[in-house]
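What follows is a set of notes on a single structure, which appears directly below.
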Amino acid sequence: LAETSRKLFGTLYNTYNFFAIYANIDAFKYEQSDVTPMNERAEIDRWVISKLHSLVKETTAAYADYEPTKAARLVEDFVIEHLSNWYVRLCRRRFWGNELSQDKKAAFETLYECLQTVAQIMSPIAPFFTDWLWQNLIDTKASIHLSTLIAANEKWVDTTLEQRMEWAQEISSLILSLRKKTKIKVRQPLQKILIPAIDKDFIEQVDKVKTLILAEVNVKEIEYISDTSGIISKKIKPNFKLLGKKLGGKMKLASEHIQHLSNEEINQLEQKGSFDISLDGEIFNILLEEVEIISDDIQGWLVATNNGITVALDIHISEGLKNEGFAREIVNKIQTERKESDFEVTDKIILHVQNQLVLNGVLNSYKEYICNETLANDILFSNDMSNAKDVDINGEILKLFIQKV
């Protein structure tokens, strides 16, 4: 219960709080008569609305079958994995703009619609929290339990868009797992991702969300390679627990056959999701989830595979990438200082830093970027830093002090 409270209710509360902070700054008010048409919204808006209406359809069916636990899990997955961990994080910059542009307005409307609908869907299983959320969103004293649940709108469900965004999420997850494995922070830019192309449609779909992937994992470029390129070597082994039930006494024979599959045969299995093997004249269909595929790392790269998708990450860090990583780390430390000093998100600052041999060049080269990200009017260098705080910038100590303008 405590874990559900922290994960679902905590995430939903934080998502609403994020919306409320920036909506109040921009004096945003949802007006049904002036809402941005769906075809004029950004693709990521259309994606999350598509997921939302798929959710409405699935949870309505779950309630009709008297399965509230299934409905709750569907809501939890949407709120945590899609709304918070993907949509809000990737759209943060849209909410940070100085004026209420059309794109920013559409982002507010999309997030508002998601929060409102999620509140309605959750109301049978979380009556008090959703009533609080509803009344804050709608600015009313009327109970959510007197409202009519929105019906799933099939014309807003785009399965192709959902599929390519699912690929984007899977690729991003694999890259982030590789970063974690080698302890390279996400703030440290890297140069390239290699992705073996499953087919032409896969390349076209992933290319449409390439910008989102690169921004999410902080890598400069994606390169698609053919399955026959031989750059990535794969090994395969059977899942004895799953296959043992299916194959019985033929398990040993099947294991030898599976472990001798070629790279090309493994690629075909990943593409099709299954393959047939002949054991003593009898044909058995082996599913992708009944085997484990392991990709070998190649020199200077890390490789990961899941759900039929393989990625290779270039982990070489050039001097230019290293300096950009310093700049991003400096921004992160300043943002932490702003928060700990209880500054408002709109407060302008002056950044005071001590002359420092290694980081002076970074501060000068990336001055515009650092100032834009932290709302700093200027960066001033000084040798007298009696009020400064020592911060660790990837192993380099920098004395800094932020002054509110």
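The values are calculated or read from the model by the stated rules, or taken from the named source; none is laboratory data. Being a predicted model, the structure only gives us computed values, none of them experimental. Ideal geometry is used to build each Cβ from the backbone, glycine not excepted, and the neighbour counts take in all protein chains shown. Calculation scope for accessible area: heavy atoms of the full protein, side chains included, ligands and nucleic acids excluded. Shrake-Rupley method; radii C 1.70, N 1.55, O 1.52, S 1.80 Å.
Okay, here's what the table says:
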| read-out | value |
| --- | --- |
| Accessible area (Å², per residue) of the chain, counting only protein heavy atoms and a probe of 1.4 Å | 53 Å² |
| All aspartates and glutamates inside 13 Å of Lys234 as judged from Cα atoms, apart from same-chain residues fewer than 8 positions distant | Glu264, Glu265, Glu270, Glu292, Asp296, Asp297 |
| Extension gain (nm, one decimal) between Ile125 and Asp26, 0.36 nm per residue minus Cα-Cα | 32.3 nm |
| Positive-end residue of Ile298, Ile195, Cys371, charge dipole of the chain with Cβ unit charges | Cys371 |
| Loop-located GluC sites (Glu not before Pro) in region 306-347, at most 15 other Cβ atoms within 10 Å (DSSP) | Glu344 |
| For the chain, radius of gyration divided by Kirkwood radius, i.e. Rg to Rh on alpha-carbons | 1.03 |
| 29 Å Cα-Cα threshold exceeded, pairs from Lys181/Lys210; Lys7/Lys322; Lys183/Lys333; Lys7/Lys241; Lys57/Lys245; Lys29/Lys57 | Lys7/Lys322; Lys7/Lys241; Lys57/Lys245 |
| Helix-derived mean residue ellipticity, 222 nm - over the chain, DSSP H n ≥ 4, -39500 (n - 2.57), to 500 | -15500 deg cm²/dmol |
| Region 340-398 - percent of accessible surface contributed by carbon and sulfur, probe 1.4 Å | 43 percent |
| Within region 90-145, GluC sites (Glu not before Pro) in DSSP loop having at most 13 other beta-carbon neighbours inside 10 Å | Glu99 |
| Anchor Lys208: lysines whose Cα lies under 22 Å away (excluding residues fewer than 8 positions away in-chain) | Lys51, Lys104, Lys155, Lys192, Lys200, Lys220 |
| Fraction of antiparallel bridges per DSSP, the chain only, in percent to nearest 5 | 70 percent |
| Fluctuation leader among Gly361, Gly273, Gly249 - the chain, Gaussian network, Cα springs under 10 angstrom | Gly249 |
| Extension gain, Ile317 back to Asn394 (0.36 nm per residue minus Cα-Cα distance, nm) | 26.4 nm |
| GNM result for the chain, Cα springs below 10 Å: residue of Ala23, Ala64, Ala107 fluctuating most strongly | Ala64 |
| Debye log10 I(q)/I(0) for region 36-169, one point scatterer per Cα, at q = 0.11, 0.12, 0.17, 0.20 Å⁻¹ | -0.40, -0.48, -0.97, -1.29 |
| Surface share of carbon and sulfur [accessible, 1.4 angstrom probe, percent] for region 199-258 | 52 percent |
| Heavy-atom accessible surface of region 45-175: percent carbon and sulfur, 1.4 Å | 50 percent |
| Chymotrypsin sites (Phe, Trp or Tyr not before Pro) within region 63-107: DSSP coil, no more than 15 neighbouring Cβ in 10 Å | Tyr66 |
